[in-house]
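Structure record follows, encoded as structure tokens.
The values are calculated or read from the model by the stated rules, or taken from the named source; none is laboratory data. Please read these numbers as outputs of a predicted model, since none were measured by experiment. As a convention, Cβ positions derive from the backbone with ideal geometry for all residues, glycine included, and neighbour counts pool all protein chains shown. In case anyone asks, the SASA skips ligands and DNA or RNA and just uses the protein heavy atoms, side chains included. Shrake-Rupley method; radii C 1.70, N 1.55, O 1.52, S 1.80 Å.
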Amino acid sequence: MIIDPRTFERFNLILTGVVVPRPIAFVSTISIDGVVNLAPYSFFNAVAYNPPTVVFSSSRKAAGWQDKRKDTLTNIEETGEFVVNVVVDDIAAAMNATAAEYPSDVSEFVIAGLTEAPSEVVKAPRVLESPVNMECRLSQIVNIGEQPHQHGLVIGEIVRMHLREDVLYEGPNGYRVNHQALQPTGRLAGNAYCRTDDVYELIRPNYVPEEAEQTAGQPAD
Ligand SMILES: Cc1cc2nc3c(=O)[nH]c(=O)nc-3n(C[C@H](O)[C@H](O)[C@H](O)COP(=O)(O)O)c2cc1C
């Protein structure tokens with residue numbers, strides 16, 4: 001099948017079904033009135049080292065509401081700050097519990113039974129039960145598309161990272177992350193998720209120009 005995304009019905013289901021598995025940013029924010037908010041976002045990734053930058057994308061409109069905007073995006077636009085908490089298997093069910101379109105004055109920490117931990121640089125709290133928290137300052141929001149389907153692509157700089165000791169180990173070149181200990185959760189499509197416990201390695205090849213010249217013209221094995 002060849003698809004033209006502009007005319008294919010519910011292309012969103014195909015797109016989110018093939019770009020998998022996606023990491024999940026569990027984003028905590030605080031409104032200017034001091035209401036804490038927490039919601040999962042799987043249009044999420046790390047995109048640069050220097051400055052260390054993460055992105056996630058939020059639709060502007062909350063599903064099922066006439067006019068409500070998503071609280072996460074509103075809070076970030078108003079305060080310029082947020083925390084990305086990494087979703088791991090132990091808190092996946094709690095993450096899911098926060099994903100309904102609750103009214104703005106509801107704190108999803110309470111709904112999910114999660115604990116607020118103070119951040120160092122930003123006002124929004126961290127999720128204590130998540131082993132990795134990234135305190136972020138907003139760099140910019142890029143609007144994608146038009147209403148009613150518009151998304152805001154949030155680009156943020158990590159200004160502090162908190163890591164639980166047991167997810168780190170010291171390798172020959174410095175600290176590394178132990179994924180067996182981290183147990184990150186991957187999002188597939190719809191209600192499907194995956195674990196990260198079947199890991200294998202591929203050694204990346206090195207391109208050495210001199211060797212390539214020597215073997216040029218010789219038949220490949
Ligand atoms: C695993 C998961 C991933 C999600 N990813 C996104 C996403 O990337 N973008 C988005 O707009 N909504 C996403 N959602 C839906 C939001 O979490 C949901 O609309 C939430 O209620 C928004 O809360 P807020 O208004 O407090 O920000 C996702 C939901 C789940 C369960």
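For the reader, a short list of remarks on this structure follows.
- Nonpolar atom fraction for the range 62-140, defined as the carbon and sulfur part of the 1.4 Å probe accessible area, stands at 49 percent.
- When only Cα pairs below 8 angstrom with a gap of at least 6 residues are kept, the chain shows a relative contact order of 21 percent.
- Listed residues 75, 173, 96, most fluctuating in the chain (Gaussian network, C-alpha, under 10 Å): 173
- Separation of the range 20-64 from the range 105-174 is 7 Å, based on Cα centroids.
- Each of 193, 133, 163 was scored by the projection of its Cα onto the charge dipole of the chain, and the greatest displacement toward the positive side belongs to 193; charges sit on the C-beta of Lys, Arg, Asp and Glu.
- Computed FRET value (nearest 0.05) for residue 192 with residue 153, which takes r as the C-beta separation and R₀ as 30 Å: 0.80
- Amide H contacts of residue 44 (H built 1.01 Å from N, in plane; Pro and chain starts excluded): no residue 5 or more places away or on another chain comes under 5 Å.
- For the range 104-207, the set of GluC sites (Glu not before Pro) satisfying both a DSSP loop assignment and a count of at most 12 other C-beta atoms within 10 Å is given as 120, 146, 201.
- What the chain shows is 64 Å² of accessible area per residue, with the surface traced by a 1.4 Å probe over protein heavy atoms.
- Label point distance in nm, residue 101-residue 50, each placed 7 Å from Cα along Cα→Cβ: 4.4 nm
- Note on residue 8 and residue 200: the model spin-label points, each 7 Å out from Cα along the C-beta direction, lie 2.8 nm apart.
- Here is the list for the range 1-85: chymotrypsin sites (Phe, Trp or Tyr not before Pro) lying in DSSP coil, each with at most 12 other C-beta atoms within 10 angstrom of its C-beta, are 65.
- With a 1.4 Å probe rolled over the protein heavy atoms of all chains, the accessible area of 79, 29 falls in the order 79, 29, largest first.
- DSSP loop trypsin sites (Lys or Arg not before Pro) with at most 11 other Cβ within 10 Å: longest gap in the chain: 11-221
- Convex hull of the chain built on C-alpha atoms - directionally averaged projected area, nm²: 17.5 nm²
- Basic side chains Lys and Arg get +1 at the Cβ, acidic Asp and Glu get -1 at the Cβ, and with that the dipole of the chain about its Cα centre reaches some 580 debye.
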